[in-house]
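The next block holds one structure in the form of structure tokens; read it before the comments.
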Amino acid sequence: MGNVDVVQWMITGNCNYHCSHCYLGEDNRMEPDISSLLSYIEYFKDYGIKKVILTGGEPLIRKDLGQLLKALYDANIKVTGIITNGALITKDLLGMLKDFGNDTTFSISYDGDETHDVVRNFKGAKEKTLAAFDLCRKEGFNTASDMTFYRGNAGNLRESIKTLEEHGCSSLKVSPLLMAGNAQKGKLLESLTPTEVLDAFCEYIPFYFVDKIKMKVFLSAYFYGDGQNGIWDIPVERFKMYVDDCDKAMCAKEEKVPFLYIDGRLLPCAGVAGYKEQREKMRKISDGGIEAAMKSPAYAGFMGYTLKEHARSNHDCKECEYLKTCMGGCRIIAGIEDFELHGKDRYFCTYFKNGYLGKVKAAVQLGKSLAALE
């Protein structure tokens, strides 16, 4: 039995939308046949996978989805999550998931009150998405959301969060636009600089408390709020626990969910799917199973990339006073935006070098003070 029991599974690269921000891009529009998917379930069973999170593309676009769900049910593997744009969620689908014993959380992407249709390149996408949240709530399914943060929607973050709360969303992660896939090729969306992103987050944080938001909100790694339980945190600051161990793998600071790509390659995380240079080095699980794929040089090398190795490869980071505090940041962001695995995570650099710990704390205290006055 393996040391992980969940896999994020890309069951199709096809999609009903052509989103301007999609980090996978149009080149990934392909779909494995059902026999390939069923064969992967055998590898899941052999390794001890008990849960899958289905993603795409748009996973609900598959016409044989019912057959796949039945096969997972027969293998005693739960569908704990589905990552979707929401347009194809129906009462029949939710009923089928219930019949197969799944308590599934739908992660329905939402990219802003005023900009969702623009990002999706589809008029009416916003209405379909919000209707999906409502249907899931009515039928007893939990919902979460991801928002791509860029210049176009930065100005209505507060209202967009309030909208999601009103429609029953339990958790939102806001992530800066990565210039990969469609975003890099089409250049229809304008990214924000790291300073602009962090300033916008600090500007919003007081409203999280003033508006008494109950939904969990992650502003990337720089703020976490759980209004339901009265908790807030700054996730990036937790990475300091590794400052005394430069031999620890950089990705050890997070719990990674392996990602099974459409061609059967096992990736260390979903982000690698958009990082072609690393993705194509990974091994397919048909070549010896999941454990063999995890032990392959590419997978193990990525997961085992240490802070000491990073310092040897990046002189600027080696000389930086914050290296043992930031732990090098995210290798996916560095790889995509700085074009190499040992590049810089510009967001972490900006956060630590410009005193954003104090700025985030000040924003929290302001929000609490204003909320107490109401």
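Calculate, for L373 and H315, the FRET efficiency according to 1/(1 + (r/R0)^6) with r their C-beta to C-beta distance and R0 45 Å; round to the nearest 0.05.
Calculated value: 0.35.
Per DSSP helix of 4 or more residues, -39500 (n - 2.57); summed, then divided by the residues of the chain. What does that give at 222 nm, rounded to the nearest 500?
Dividing the helical sum by the residues of the chain leaves -11000 deg cm²/dmol.
Order of 147-154, 290-297 by packing, highest average Cβ count within 10 Å first?
Sorting 147-154, 290-297 by mean packing, highest first, produces 147-154, 290-297.
Within 10 Å of each residue's Cβ, count the other Cβ atoms and sort E190, E309 from fewest upward.
E190, E309
Would you give the gap between the C-alpha center of the stretch 113-135 and the C-alpha center of the stretch 185-210, rounded to a whole Å?
Cα centres, the stretch 113-135 to the stretch 185-210: 20 Å.
Would you mind calculating the relative contact order of the chain from Cα pairs under 8 angstrom and at least 6 residues apart, reporting the percent as a whole number?
Working: 671 pairs, mean separation 60.1, N = 374.
Worked out over the chain, it gives 16 percent.
Evaluate the distance, in nm, between pseudo-label points positioned 7 Å from the Cα of K214 and of E42 along their respective Cα→Cβ axes.
The modelled label-to-label distance comes out at 4.8 nm.
Treating only the Cβ atoms of Lys and Arg (+1) and Asp and Glu (-1) as charged, compute the dipole magnitude of the chain about its Cα centre; round to the nearest 20 debye.
Computed charge dipole of the chain: roughly 260 debye.
Which of T104, T163 has the fewest other C-beta atoms within 10 Å, and how do the rest follow up to the most?
T163, T104
Modelled label-to-label distance, T90 and M179, 7 Å Cα→beta-carbon offset: nm?
4.2 nm
Tell me the label-point distance for the pair H18, E159, using the 7 Å Cα-to-Cβ offset, in nm and rounded to one decimal.
2.9 nm
For V79, V119, V4, what's the fewest-to-most ordering of other Cβ within 10 Å of each Cβ? Please list the in-between numbers first.
Numbers: V79 22, V119 27, V4 17.
Fewest-to-most Cβ neighbours within 10 Å comes out as V4, V79, V119.
For P(r) over Cα pairs in 20 Å bins from 0, in percent, pick the label among [x] 23, 34, 27, 15, 0; [y] 28, 60, 12, 0; [z] 30, 56, 14, 0 that corresponds to the value derived from the coordinates.
Matching entry in [x] 23, 34, 27, 15, 0; [y] 28, 60, 12, 0; [z] 30, 56, 14, 0: [y].
All of the numbers you see were taken from the coordinates with simple rules; none came from a lab. Model, not experiment: these values are computed from the prediction. Because the Cβ atoms are built from the backbone with ideal geometry, glycine has one as well, and the counts that use them run over all protein chains shown.
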